[in-house]
Amino acid sequence: MDQAEIVIDTFEKVAARAGDPHDLIYARLFERHPHFEDLFAMDTDGGIRANMLTTSLNCLLGVAEGSETPRLELEAARLHHEGYGLGSGDIDEMFEIIRDVFRDVLADDWTPAAETSWSAVLDQISRIGRDLDSCPRPFLQMHRRFSRLTLLPGIGRTRVLNKVPAILHT
């Protein structure tokens with residue numbers, strides 16, 4: 001089996017054994033970083049977490065398959081999450097947690113080939129979007145300012161959106 005087939009195989013085996021790994025993955029994330037749970041205070045129905053996990057799993061599969069689509073998703077995620085005070089390492093750790101949970105669920109069925117394939121995929125993911133940190137383009141600067149503004153207490157999204165033209169000129 002090639003790398004993509006091995007990663008897909010682990011997805012299928014985890015689904016067969018544990019069903020949806022959502023709760024296991026977020027439990028591990030919040031165990032390692034209890035303060036991250038506060039970032040989901042407005043996610044009362046779990047929709048944001050579900051969407052983030054779906055996007056993460058799609059990125060994992062896409063990278064394993066050699067698709068370029070995850071590059072765009074990961075670059076956007078790195079920029080977006082910067083506004084929440086998270087760095088590239090935090091994004092990478094989410095993917096590591098997914099791997100760790102899958103490894104735990106599969107236990108003795110986690111093979112050396114699975115370890116090698118997952119390590120290669122995680123290595124590729126960790127390199128995607130890192131070059132954005134030093135990018136001086138005005139769009140990135142505007143995005144970083146806008147992301148931070150959306151987090152200020154008392155400023156609703158509508159009020160921030162109304163300020164975007166002013167932000168672009170500062």
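Residue 97 fulfils the conditions (1) at pLDDT below 80; (2) under 14 Å from the mean Cα position of the chain (by Cα) except for a single criterion, (1).
Reported count of residues in segment 69-119, each being among the polar types (S, T, N, Q) and surrounded by fewer than 18 Cβ atoms within 10 Å (Cβ to Cβ), is 4. Residue count for segment 42-68 under the criterion of being without any contact (Cβ under 8 Å) to a residue 60 or more places away in the chain and either surrounded by fewer than 13 Cβ atoms within 10 Å (Cβ to Cβ) or among the hydrophobic types (A, V, I, L, M, F, W, C) (or both): the result is 13.
The values are calculated or read from the model by the stated rules, or taken from the named source; none is laboratory data. Owing to the predicted nature of the structure, the values given are computational and were not obtained by experimental measurement. Please note: Cβ atoms are built from the backbone with ideal geometry, for glycine as well, and neighbour counts cover all protein chains shown.
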